[in-house]
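The values are calculated or read from the model by the stated rules, or taken from the named source; none is laboratory data. It should be emphasised that the depicted structure is a prediction, and the values quoted were computed from it without experimental measurement. We place every Cβ from the backbone using ideal geometry, glycine too, and count neighbours over all the protein chains shown.
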Amino acid sequence: MALRRNAEERRGTPSVLLIVGLANPGSEYEGSRHNIGGDAVRELANRRHATFSIERRQRASTATLTTPHGLVTLAIPTTYMNESGSAIGPLLKRTSIDDLAQLVVAHDELDLEPHRLQLKFGGGLAGHNGLRSIAKTIGTQDFSRMRIGIGKPERKEMVTDWVLKRPTGQRKVELAADIQRAADALELLIDQGLESAQRTVNGS
């Protein structure tokens, strides 16, 4: 889906991709399952030697990668998860992205088991507050997602603690490995494009 913008509304150098990693701000949420999208994007920036800076207008920390295909903007909203959408409009304007297939949101996914990843375009929101906020802001659910599986706890009433509290022991080790896998998948997306990366990531 493309968004129509007037030329005078655009700001900055156009990007070929805007990759947004969802996370809650603050030290109390660092290392939680809910922050895995932001952690994966941060790991991608580290690999590509890109430095984040806080952009107050965009309500996000951003970094830019120079690739053979063009500029790729990485962003992590500085808002809480349920307000993630407030960063997306300004980021889309800054990057001059019209085609929402080029907006890729990396997020934790309860409906996928740990170690599973899925790249997709569009689909439901699965009760994810960050996705819901983004869809409300841009008026559509048709954007690309990097779904990073975190699995579900044994009981529904344990979900809040499951996503917001830091795992320990072996679960902490496994979460760190999944962040690396997600960063691998995002690198494939940048280097090979959405369709090719989908075949590799979703088939594994």
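In the range 166-189, the qualifying residues are those that are in contact with a helix residue (DSSP H, G or I) (Cβ under 8 Å, 6 or more places away or on another chain) and among the charged types (D, E, K, R), and the one that is nearest to residue 113 (Cα to Cα) is 178. Among the residues of the range 68-83, write down those that are farther than 13 Å from residue 18 by Cα, in contact (Cβ under 8 Å) with a residue 12 or more places away in the chain and either assigned to a strand (DSSP E or B) or out of contact with any helix residue (DSSP H, G or I) (no Cβ under 8 Å at 6 or more places or on another chain) (or both). Matches in the range 68-83: 80 only. In the set (1) in a loop (DSSP other than H, G, I, E, B); (2) in contact (Cβ under 8 Å) with a residue 24 or more places away in the chain; (3) more than 21 Å from residue 57 (Cα to Cα); (4) not aromatic (Phe, Trp, Tyr), residue 148 fails one condition alone, (1). Taking the range 27-66 as the range and being assigned to a helix (DSSP H, G or I), touching a helix residue (DSSP H, G or I) at 6+ places or on another chain (Cβ under 9 Å) and not hydrophobic (A, V, I, L, M, F, W, C) as the test, the residues that pass are 28, 29, 33, 34, 35, 37, 39, 42, 43, 46, 47. Considering 152, 156, the condition of being surrounded by fewer than 19 Cβ atoms within 10 Å (Cβ to Cβ), farther than 14 Å from residue 109 by Cα, out of contact with any Cys (no Cβ under 9 Å at 6 or more places or on another chain) and at pLDDT below 95 is satisfied by 156 alone. Of 64, 73, 51, all but one fail to be surrounded by fewer than 17 Cβ atoms within 10 Å (Cβ to Cβ), within 23 Å of residue 188 (Cα to Cα), at pLDDT 95 or above and not hydrophobic (A, V, I, L, M, F, W, C); the exception is 51.
Anything in the range 84-109 that is small (Gly, Ala, Ser) and in a helix (DSSP H, G or I)? List them, or say none. Before the answer, list the steps.
The initial filter retains those residues of the range 84-109 that are small (Gly, Ala, Ser), namely 84-87, 89, 96, 101, 106.
Across the range 84-109, the qualifying residues are 85, 86, 87, 89, 101.
If you scan the range 151-175, which residues turn out to be small (Gly, Ala, Ser) and in contact (Cβ under 8 Å) with a residue 12 or more places away in the chain? Scanning the range 151-175 gives a single hit, 151. Screening residue 168 on (1) surrounded by 14 or more Cβ atoms within 10 Å (Cβ to Cβ); (2) within 24 Å of residue 26 (Cβ to Cβ) shows it passes everything except condition (1).
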